[in-house]
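Here is the structure we will look at.
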Amino acid sequence: MSTIFIFLFKALAVASSLDDQSWGLRLLPKYGYVAILAAAFWEGEVVLIAAGALCGRGYLNWKWTILFAAIGGSAGDQMYFYAAHERAARLIRKSKRLNKWYPKISSFVLRHSTIGVLGSRFAAGFRISIPLVCATAGMPAKKYSALSLTSGFLWASFWVAVSYQAGARLA
C-alpha cells in the first residue's frame, strides 16, 4: 500500500518539472485510477488529496478520480459492514457488559444512522467503527449501502475539489 502513496506523491512533487514524455506521467492515467481505488478501499485521504492536485495539473481526470475513490471507499466500508454482521454480534452476545449496554447504543445508532454513515468518511478514526456498529445494530444492508456510496461520493468530491485548486495553482 505504501508503494501507491509513494508513487502518487512523487508524481505530484515532480509534476511541474517533468515534460509530458516522462514514463511516470504516461503511466499515471493508465494505472493511477486503480491506485486511487485501492487506496480508498483502505483509507485514502492522502492519496485522494494527491490525486486531486494531479487533476488540477491536468494529469488525471477529476470525474474518474471521484468515481474510483467513491467506489473504492464504499467497497471498503461494505467489507467492514458485512464482516461485523457475524463476528461482532457473537461477541456482543458473549459479553455480559456489552449485552447490558448494547440495546441503548443500538437504538441511538439507528436513530442517528443516516448522519452517522454520511459523516463517517469525514471523521478520522470512525470510518471503521461506524460500519461495525451499524451492522450489529441491525441497520438494513440496502440502507447502509446507499448511504455509504453517497458518503463516498461526497468525500471524494470534497477532497478532489479542494486539492484540485491547489494543483491548479502549482507553478
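The values are calculated or read from the model by the stated rules, or taken from the named source; none is laboratory data. None of the values given here were measured: they were computed from a predicted structure. Here Cβ is always computed from backbone atoms with ideal geometry, including for glycine, and neighbour counts include all displayed protein chains.
Data table
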item: Matching residues, segment 36-57, being of a type in the set (Gly, Ala, Ser), under 12 Å from the mean Cα position of the chain (by Cα) and part of a helix (DSSP H, G or I); result: 38, 39, 40
item: Subset of segment 51-82 [closer than 14 Å to residue 165 by Cα and of a type in the set (Gly, Ala, Ser)]; result: 51, 52, 53, 56, 58
item: First in segment 25-41 and more than 15 Å from residue 74 (Cα to Cα), second anywhere and modelled with pLDDT of 75 or more and surrounded by fewer than 18 Cβ atoms within 10 Å (Cβ to Cβ), Cβ under 6 Å, 6 or more apart; result: 33/64
item: Those helices (runs of 4 or more DSSP H) lying entirely in segment 86-171 with at least 3 residues of a type in the set (Gly, Ala, Ser) and touching an Asp or Glu at 6+ places or on another chain (Cβ under 9 Å); result: 141-169
item: Matching residues, segment 61-78, being polar (S, T, N, Q) and in a helix (DSSP H, G or I); result: 65, 74, 78
item: Residues being among the β-branched types (Val, Ile, Thr), free of Cβ contacts under 8 Å to residues at least 60 places away in the same chain and farther than 17 Å from residue 31 by Cβ - total across segment 42-82; result: 1
item: Whichever residue in segment 94-136 is closer than 30 Å to residue 39 by Cα and among the basic types (Lys, Arg) and, among such residues, is farthest from the chain's Cα centre (by Cα); result: 127
item: Test: residue 90 is of a type outside the set (Val, Ile, Thr) and more than 29 Å from residue 65 (Cβ to Cβ); result: yes
item: Top-ranked residue of segment 107-140 - restricted to ones that are farther than 27 Å from residue 49 by Cβ and of a type in the set (Ser, Thr, Tyr), ranked as surrounded by the fewest Cβ atoms within 10 Å (Cβ to Cβ); result: 107
